[in-house]
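The values are calculated or read from the model by the stated rules, or taken from the named source; none is laboratory data. Because the structure is predicted, anything quoted here is derived from the model rather than measured. Note that each Cβ is placed from the backbone with ideal geometry, even for glycine, and that neighbours are counted across all protein chains shown. Note: accessible area is taken over every heavy atom of the protein model, side chains too, but ligands, DNA and RNA are not part of it. Shrake-Rupley method; radii C 1.70, N 1.55, O 1.52, S 1.80 Å.
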Amino acid sequence: MPPVKIFSIIIPFKSWSRDLEECLEKIQKQTFSSYEVILLPDNKITLPEIYNELPVEIFPTGAVNPALKRDLGSEKATGQFLAFIDDDAYPQPDWLEVALNTLKNRDDIAAIGGPAITPKNDPFWARVFGAVFLSDFSGGFRERYVPSPPRRMIDDWPTVNLIVRKEAFNKVGGFNTEFWPGEDTKFCLDLTLNGFKILYAPELVVFHHRRPQLQKHLRQVGNYGYHRAIFFKKFPQTSRRLIYSIPALFALFFIGGGILIILLPETKQVYEIGLLFYGLSLLIALKDIVKQESWTVAVLSVPYIFLTHLWYGLRFLQGLGNRKYKSSLGR
């Protein structure tokens, strides 16, 4: 009987890709070697021979969403800890070692999450769209994309870089597959409501490729805005926070104010003052971004910050107006 592994690395995906190859290549270079890899494609695949030495199990799932794939992978997992990562991300060599050193010394911690950094070799426009998230004034959660000490407790973290004790995962029933995206928010809420703690560790690093086209970028952030609004209504414990509604307030101000000054020209000065404050926030964001990216990438990201705020806000408002959430196990 083979020895029990400490970590089960769970990777949901549709089909084989170069990004997945890169992820597996980086997993092979982990400084801690007691792990298994559980791959969850839509359909049956044949593992290339180059990965034959990796402890890989493949479980085709059909065309279901990543939340359900992660639940299915967790059922198959034999590890003490479930290490969740996306197929378009890859871990730093000490990823598992950092997690183990933390979790083995902190019995009070049920899960640990860390930043997902845009790789420096990403295509230019992917880095531009990734730069949108590099400031609290542009993306709202800089610590998710840049290592941001100190360590601290959190109550919501994405599954692109989340490692969980299997015992805690099973106790809360895994991911709520009614929701996607957003299943990670619901899962983290379930953990905290059951008395479990989640730790942010800035040194627990993965690298995450960003969307290289504007349409794909806006589709992603729009989905986040729509589902956050659903959660704003259903799960106020962690989602009914001002920071999530600020883009929606901005969208109302920008569009509604623009209409209002046509009807009431005397409101133009107030509108211009509001735009001035927004412009100042973009300058602060630019200052933050150039600490991580080139000036060219930083400057070009500014108009996309505006588009991101506007589209997220409009989709958030759409979600608020949705009276009946329609779940789906597809995509």
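In segment 1-26, the qualifying residues are those that are in contact with a Leu (Cβ under 7 Å, 6 or more places away or on another chain) and not in a strand (DSSP E or B), and the one that is most open to solvent (accessible area, probe 1.4 Å) is Ile6.
Scanning segment 89-102 for residues that are crowded, with 20+ Cβ neighbours inside 10 Å and in contact with a strand residue (DSSP E or B) (Cβ under 6 Å, 6 or more places away or on another chain) gives Ala89, Tyr90, Pro91, Leu96, Ala99.
Here's the yes/no breakdown for (1) over 17 Å from the mean Cα position of the chain (by Cα); (2) over 30 Å from Phe277 (Cβ atoms); (3) not in a loop (DSSP other than H, G, I, E, B):
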{"position": "Val64", "(1), (2), (3)": "yes, yes, no"}
{"position": "Leu100", "(1), (2), (3)": "yes, yes, yes"}
{"position": "Ser135", "(1), (2), (3)": "no, no, no"}
{"position": "Pro158", "(1), (2), (3)": "no, no, no"}
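Scanning segment 31-73 for residues that are among the aliphatic types (A, V, I, L, M) and open to solvent by less than 20 Å² (accessible area, probe 1.4 Å) yields Val37, Ile38, Leu39, Leu40, Leu54, Ala67.
Please find, within segment 210-234, the residue that is farthest from Lys120 (Cα to Cα) out of those that are touching a Gly at 6+ places or on another chain (Cβ under 9 Å) and assigned to a loop (DSSP other than H, G, I, E, B). Restricting to residues being touching a Gly at 6+ places or on another chain (Cβ under 9 Å) and assigned to a loop (DSSP other than H, G, I, E, B), the top hit is Arg211.
Could you go through segment 262-279 and let me know if any residue there is in contact with a helix residue (DSSP H, G or I) (Cβ under 7 Å, 6 or more places away or on another chain), closer than 30 Å to Pro41 by Cβ and of a type outside the set (Ser, Thr, Tyr). No, segment 262-279 has no match at all. Just the residues that are more than 12 Å from Ile163 (Cβ to Cβ) and crowded, with 22+ Cβ neighbours inside 10 Å, please, taken from segment 78-88. If the condition is that a residue be more than 12 Å from Ile163 (Cβ to Cβ) and crowded, with 22+ Cβ neighbours inside 10 Å, then Asp87 is the only one that fits.
Give me a count of the residues in segment 173-209 that are in a loop (DSSP other than H, G, I, E, B) and over 14 Å from the mean Cα position of the chain (by Cα). Qualifying residue count, segment 173-209: 14. Out of segment 114-133, which residues are part of a loop (DSSP other than H, G, I, E, B) and touching a strand residue (DSSP E or B) at 6+ places or on another chain (Cβ under 6 Å)? Correct list: Gly114, Pro119.
Within segment 175-209, the set of residues being basic (Lys, Arg) and modelled with pLDDT of 95 or more comprises just one member, Lys197. You will find that of Lys287, Lys291, the residue that is basic (Lys, Arg), within 24 Å of the chain's Cα centre (by Cα) and not in a helix (DSSP H, G or I) is Lys291 and no other. Within the set Leu275, Leu300, Leu314, Leu260, the sole residue that is in a helix (DSSP H, G or I), open to solvent by 70 Å² or more (accessible area, probe 1.4 Å) and not small (Gly, Ala, Ser) turns out to be Leu260. Considered as a group, the residues in segment 121-160 that are among the polar types (S, T, N, Q) and in contact (Cβ under 8 Å) with a residue 24 or more places away in the chain include one that is surrounded by the fewest Cβ atoms within 10 Å (Cβ to Cβ), and that residue is Ser148.
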